[in-house]
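Notes for the one structure printed next.
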Amino acid sequence: MSRIVVFGSINLDIIVPVPRLPVLGETVLGQDALISAGGKGANQAHAARLAGAAVSMVGKVGADGLAEPALALLTTAGVDLSHVGVSTHPTGCATIWNGPDGSSTIVVSTGANSDLRSDDVPDELLEPGVILLMQQEVSLEENARLIARARTHGVMTILNAAPAIVPARDVLECVDTLVVNEIELKMICKAFHLSGNDLPARLADALGTVVIATYGADGVLRTDGTDTLHIPARPVQVVDTTGAGDTFVGVYAASLARGLAADQALEHANAAAALCCTRRGAQTAQASLEEYSAGL
Ligand code: RIB
């Protein structure tokens, strides 16, 4: 089985259910906070591990009291943390408002994550067959450097363009798979002057990259510009969507690493992301392979 290497953010999340979002300058009273491990990179690593893959996390934390709880669930799950370094910045921290409809509104203090460098990934982790996952809570320039290195090593790359920042076009042309939600998709297409009804296929065609677009309740779509597969969302009682996109990416990669075909990997990722929405938190809400695959 191939190894998953995750290059990305590690945060501690403070998630507060709120009756509605405050307006500027207003204080709103929320319910009990959930303080738990998060960060898009760490969430993807945790999901991939629970889905049965061998996972190495490459990231940075601060020399502070947030680092240990931020890494706690990765440690328990058996993710390789030997490439997690310590920064002079504080551990990344996210404050998250969880609305009554399950939506999550997030502010991230990137802290130590901003110190992560492509060079923190040793060459020995970039073996052919490895699947490399990246997101955008770290330096985009370092992502670009790592994508270029990964190419020369024959490593498959999956970039999740979250949070919504438009990466350089030549960088996107070098990734094997780009995963976006609807907002990220529209933002990238606008930047590249692409329009029309079939944005994922147009983007895939323009970049020469496989594009996976997640549409929440409207399901998920994978296209290489020619062949497109759409899978409807699984109906669930949504409690908290925090980390559902990360769960999708981690499980998709782990499923490929386990040898599943892309369409099966998409089904597994879709099921795991749906289950994640039924529970509170990011890593705390992720299901094991046995649990999410029961209904497939
Ligand atoms: O995608 C969800 C994640 O975004 C949270 O865990 C939070 O840490 C932010 O990085």
Exactly one of Ile4, Ile15 is part of a strand (DSSP E or B), among the hydrophobic types (A, V, I, L, M, F, W, C) and within 16 Å of the ligand (Cβ to nearest atom), and that one is Ile15
Mind telling me which of the residues Val130, Val107, Val166, Val86 ends up being farther than 16 Å from Ala213 by Cβ, among the aliphatic types (A, V, I, L, M) and surrounded by 15 or more Cβ atoms within 10 Å (Cβ to Cβ)?
Val130
Give the range 259-296 a look and list any residue that's more than 19 Å from Asp224 (Cα to Cα), in a loop (DSSP other than H, G, I, E, B) and modelled with pLDDT of 95 or more, or say none.
Gly259, Cys277, Thr278, Arg279, Arg280, Gly281, Ala282, Gln286, Ala287, Ser288
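Among Ala233, Ala244, Ala168, which is among the small types (Gly, Ala, Ser) and farther than 22 Å from Gly281 by Cβ? Before the answer, list the steps.
Values: Ala233 fails: farther than 22 Å from Gly281 by Cβ; Ala244 fails: farther than 22 Å from Gly281 by Cβ.
The conditions single out Ala168.
The values are calculated or read from the model by the stated rules, or taken from the named source; none is laboratory data. Predicted model only: the values in this text are computed from it and were never measured. Virtual Cβ from ideal backbone geometry, glycine too; neighbours counted across all protein chains shown.
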